[in-house]
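Working notes for the structure below.
What follows is calculated from the coordinates using simple rules that are stated; it is not laboratory data. Just so it is clear, the model here is predicted, and its values are computed rather than measured. No Cβ is skipped: glycine too gets one built from the backbone with ideal geometry, and neighbour counts run over all protein chains shown.
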Amino acid sequence: MRKFALLASITFLLAGCSVAQEETTQSGDDCDGIRVVVDFDILNSDKIDTCVSIDGETAPASEVLAQAGVRTVGTATYGDAVVCRVNGLPSETEAFTVEGEDPYLESCADMSPAFAYWALWSITDAELGWDYATEGVGTLQLTKGQSIGLIFSTAGELPNPDRS
């Protein structure tokens, strides 16, 4: 399982340019920019589902997330190719517990454990729906009409950002 998380996380790499602009309240199918969804799962923070308007046709995922008020932290080993923390969660000072595991304190030094990590998703084609992103937030370029999602995946579950 750790090998799967490592493989999935290592697929997040490279860089782009363009500027994300104002955040709007549109979400889902009504989004005329880029939809941003963040599901904190067991980390007990409100889900984010918003639309970010951009200048031009494309923008780097890191800038789109920042415009939506989503702050990400990468790892010491992999940089922003792997998301370790979103809006300060999981906490760097308080351990959390996933059912069946010992309490865990995320250091962001290396790859997160397979039982608790941030999964980066994207929708590049509405007909295909959510899929694991093939690059990290620092290199992923998004186009108007696409979506980006982060979900805290626990205990080997792979739910996408629109789960119930």
Potential extension, residue 107-residue 55 segment - 0.36 nm per residue separation minus Cα distance: 15.1 nm
Determine which residues of region 127-164 fall in the zone a paramagnetic label at residue 99 would reach in this model, i.e. backbone nitrogen under 19 Å from the point 7 Å along Cα→Cβ. 152-160, 163-164
